[in-house]
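So the structure is just underneath, and the comments pick up after that.
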Amino acid sequence: MDIGFLAQYLINGLMLGMIYALVAVGFTLFFGVLDVIKFSHGDVLTVGAFAGLATYLGLQAVGISNPAIQILIVVIIATTSVAGLGALIARYIVMPIRSAPPLNTLLITLMLGTVLRESVRLFYPQGANPQSFPSLLPTQSLTLGNFNLRLDNAIMLIAGVMVIVGVQFLLNRTKLGLAIRAVAQDEETAKTMGVNFTLVVLITFALGSALAAFGGVMNGLYYNEVNFGMGLLLGVIGFSSAIVGGLGNIYGAILGGFLFAGLQTIGAVSLPFASAYKDVFAFAIVIAIMAWRPTGLIQEKISERV
Amino acid sequence: MNRVRLLATVAFGATIALAATVPNTTFAKDKVKVGFVGPLTGGVSANGIGGRNSADLAVRLRNKDAKAKYEYELIVQDDECKPNIGVQAATKVAADKDVIAAATHYCSAVAIATVPTYHKFGLPVVVWGAVLPAITYGNDYKEVHRVNGTMINQNQIAAKFMRSLGYKTWAVIHDTTDYGKGHNEFFSENLAKEGGKILATFGVTSDQQDFTAELTKIKELNPDAIYFGGLTPIGVRIRAQMDKLGVDSLLQGTSGIVSDAFIEGAGKLAEGTVAFREGAPTEKLPGGKFFLENYKSEKYDNPPEAYGAFAFAAMNLILDTIEKEGPDRKKVRDALNKVKGVDSIVGEISFDDHGQNTVALITKYVTQDGKWTVWEDSEYASGKRKLARQK
């Protein structure tokens, strides 16, 4: 195969992996602090993408047309509003049922996801149709033979890496991160040490949801199209990525995201039969990995279940 | 006492007055129920809602008609474009003995799944949007009819037309529903007859988001055109991602992307996309003007979309038949089977042995300046503009 095409597949896979990783990190954060699986995460991403799109349309309407300012405001409003939504979900839906069996949280958030998804469809104007998402980043492209690298893709990849590094820094180098990790390790001890448990949980959910919103806007910029159902599959894939990487471990989530994207790309390109089976292929490999390492590729440092 | 008598007199008078006005509208007319089934939620709901409104329009116009023998009530069910939900919806409509006939389904995958249900319950149906040939040709059920053409006709014209423009090689992307698979089958078959070559075929799921892997592969193969057999949502994605990867082949679609939603979704990139559809644009149909004017005056929230006129024609045919034969499923079924040369807003309707409308009208479209334009009227046909890779 031509080296140019190979590079093209690599970039495709990296972009896809970046979006998956952003979703997977959210799953892992939520599981870390509260030991819950929040299945509405994919649809929170959809809300983020639509919040970004609505912000863009609003900016157009008031006459701000500088793309650099637009993208900045779009990202800020999408992430902050969705962070608020995430905190609300945590406060009023997830936390009240903490003492119930984990299955209840899973089911309730699954239903919440449907509510969010259908709300976008019903309340966004013409929400049932795919919506065109603007290209706000420079679209010049670098063409080397058969390889076509667009500047906007490169910017998105770098921004994604920066966000993930930023989250990593926040978790490992700040006081807030210390509190989050303390709660994740041992809730009771953290509380006795004076950590404000509720606040830490809310901040973690806000953070995870903001990451999803960032992923949603990135998804929109990358595909130039958003639709109300986009979060469904992303949620499932993000969740699988978090699991296969090792739920509760942020590196695991990132690794899982890129692994899944890689598997899908390989499935679509190199399998002799049609690409219809690429998801079957990717999920089958994930199942095989789970059978081999039931706790994921990178395990949580302190396992609570002995 | 006096007061009581006065009250009684007033009440009596009022009753008389009411009774005098009521008969004009409801008195003497029996209520007859007719059904509509289509996708009202989900990715293709725009088409379903347009169809529902159009069928509703046919019923409203009929109810306003003083000469109509019955008063009609439209029972609407949502099939969500999902076969399993569709069968439930079909069962609900068919099991209601008061429903005499129904206009059913936009999605082929649903229509093919529900055919046995209608047969089992003996409910005569007229399909208004689904184009899979097997819906009428795959069975001998007397209950099933269809006003729109099928994808067989569509792909014959498509293959012939594209070859006449000088296109030689194709890559095919189709969704793995019956709709996409059918299109792939009939296009491949007809293209082989016309001497075109298919370099690769990709089956994709109907909710797939990322096509970069498939499209990079296609870029490698470098075909003249990409044939896409599927519906608007993934059509939009494929068009946008073609641009990202610098794929400059022509995008050739099917009836599934001839919708305003495709143009809104793909934005400027929609320009120069070719597609084919059964029937003709609503305003070019024999009764298109009449339909659009009435549709407008009823102030529906959503546009009728591409297949609205067919839903209207299907419902109108049903109402005409009920007027003639009375509210009896068997009689309506038999009368529908004999329909020959009946005028409708979509042109003449004649059903063959399988209940398929044989007057197949296929229109070629190209997107020009944000509109699906009939090929013959476009600047692409006049040579002023050129399609991607047109020879």
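Values computed for the structure shown
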{"quantity": "Filtered residue count, the range A:1-34, keeping only those that are among the polar types (S, T, N, Q) and away from chain B (no Cβ under 14 Å)", "calculated": "1"}
{"quantity": "Of all residues making up the range B:281-319, the number that are in contact (Cβ under 8 Å) with a residue 60 or more places away in the chain, touching a helix residue (DSSP H, G or I) at 6+ places or on another chain (Cβ under 7 Å), more than 16 Å from B:G48 (Cβ to Cβ) and not charged (D, E, K, R)", "calculated": "5"}
{"quantity": "Residue list for the range B:227-256, filter: within 11 Å of another protein chain (Cβ to nearest Cβ) and under 16 Å from B:Y179 (Cα atoms)", "calculated": "B:L231, B:T232, B:P233, B:I234, B:G235"}
{"quantity": "Helices (runs of 4 or more DSSP H) (entirely within the range A:171-272) containing at least 2 residues that are more than 17 Å from the chain's Cα centre (by Cα) and within 14 Å of chain B (Cβ to nearest Cβ)", "calculated": "A:250-270"}
{"quantity": "Only listed residue being in contact with a Pro (Cβ under 8 Å, 6 or more places away or on another chain) and within 24 Å of A:N224 (Cβ to Cβ), chosen from B:G272, B:G265, B:G180", "calculated": "B:G265"}
{"quantity": "Filtered residues of the range A:122-133 (kept if within 7 Å of another protein chain (Cβ to nearest Cβ) and either within 22 Å of the chain's Cα centre (by Cα) or not polar (S, T, N, Q) (or both))", "calculated": "A:A128, A:P130, A:Q131, A:S132"}
{"quantity": "Selection count where residues are in a helix (DSSP H, G or I) and among the hydrophobic types (A, V, I, L, M, F, W, C), scope the range B:314-348", "calculated": "9"}
{"quantity": "Residues being within 27 Å of A:L16 (Cβ to Cβ) and free of Cβ contacts under 8 Å to residues at least 40 places away in the same chain - total across the range A:154-180", "calculated": "9"}
{"quantity": "Of all residues in the range A:277-300 being closer than 11 Å to A:L263 by Cβ and β-branched (V, I, T), the one that is farthest from the other protein chains (Cβ to nearest Cβ)", "calculated": "A:I289"}
{"quantity": "Which numbered condition A:L6 fails, given (1) buried (at least 24 other Cβ atoms within 10 Å of the Cβ); (2) over 30 Å from A:M95 (Cβ atoms); (3) not β-branched (V, I, T)", "calculated": "(1)"}
{"quantity": "Of residues in the range B:41-56 being touching a Phe, Trp or Tyr at 6+ places or on another chain (Cβ under 6 Å) and away from chain A (no Cβ under 12 Å), the one nearest to B:G235 (Cα to Cα)", "calculated": "B:G51"}
{"quantity": "A:L136 more than 11 Å from chain B (Cβ to nearest Cβ), surrounded by 14 or more Cβ atoms within 10 Å (Cβ to Cβ) and at pLDDT 90 or above", "calculated": "no"}
{"quantity": "Qualifying residue in the range B:213-229 (condition: in contact with a Pro (Cβ under 9 Å, 6 or more places away or on another chain) and at pLDDT below 90)", "calculated": "no"}
{"quantity": "Conditions (1) at pLDDT below 95; (2) more than 23 Å from B:F351 (Cβ to Cβ); number of the one not met by B:V76", "calculated": "(1)"}
{"quantity": "Residue that is farthest from the other protein chains (Cβ to nearest Cβ) [pool: residues in the range A:139-151 that are in a loop (DSSP other than H, G, I, E, B) and closer than 11 Å to B:K244 by Cα]", "calculated": "A:Q140"}
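The values are calculated or read from the model by the stated rules, or taken from the named source; none is laboratory data. What you see is a predicted model; the values in this text were computed from it and never measured. Ideal geometry is used to build each Cβ from the backbone, glycine not excepted, and the neighbour counts take in all protein chains shown.
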